[in-house]
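Heads up: the structure comes next, in structure tokens.
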Amino acid sequence: MVILGASFDSIEANRAFAEKYGFPFQLICDVDRKMGVAYGAAENAESKHAARIAYLIGADGKIEKAFGKVNPTAFPAEAWEAVTAGK
């Protein structure tokens, strides 16, 4: 299983954030907001912030489950439950 996070922030900002909070996974820098717009986290490339959403993507590249509004405190357990339940 691979876990990735994405942010509109720079490489430096993402590195500092990940180090501060001890993230055990990589953060993708979406500074041009193309991924955020494509996945529905931002309305357009001028959006200041991304919505907190998440997707479980299967090995075939298809979205298996979408999480429309993520609570950062509760989400790890919710995501783990979805992964271990098979969806």
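None of the figures in this text is laboratory data; all of them are computed from the coordinates on show. Not measured: the values here are computed from a predicted model. Cβ: placed from backbone, ideal geometry, glycine included. Neighbour counts: every protein chain shown.
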Please report 33, 52 as a ranked list, fewest other C-beta atoms within 10 angstrom at the top and most at the bottom. 52, 33
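DSSP loop GluC sites (Glu not before Pro) in the chain with at most 10 other Cβ atoms within 10 Å of their Cβ, which ones? Mind showing how you got there, number by number?
Details: sites: 12, 19, 43, 46, 64, 78, 81; in loops: 43, 46.
Passing both the DSSP loop test and the Cβ count: 46.
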Which option, [x] 38, 24, 23; [y] 34, 25, 20; [z] 36, 29, 24, is the value of Cα extents along the principal axes in Å that was calculated from these coordinates? [z]
The answer for residue 64, listing residues at least 5 apart or on another chain whose modeled amide H is closer than 5 Å to its amide H, is 56, 57, 58
Starting from the range 21-87, pick out the chymotrypsin sites (Phe, Trp or Tyr not before Pro) whose DSSP state is loop and whose Cβ has at most 14 other Cβ atoms within 10 Å. 25
Hey, got the dipole for the range 4-85? About the Cα centre, +1 on K and R Cβ, -1 on D and E Cβ, debye to the nearest 20? 100
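Over the chain, what relative contact order in percent results from Cα pairs under 8 Å that are six or more residues apart?
Details: 90 pairs, mean separation 16.2, N = 87.
Rounded, it is 19 percent for the chain.
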Under-5 Å amide H pairs with residue 52, H placed in peptide plane, nonlocal only: 70
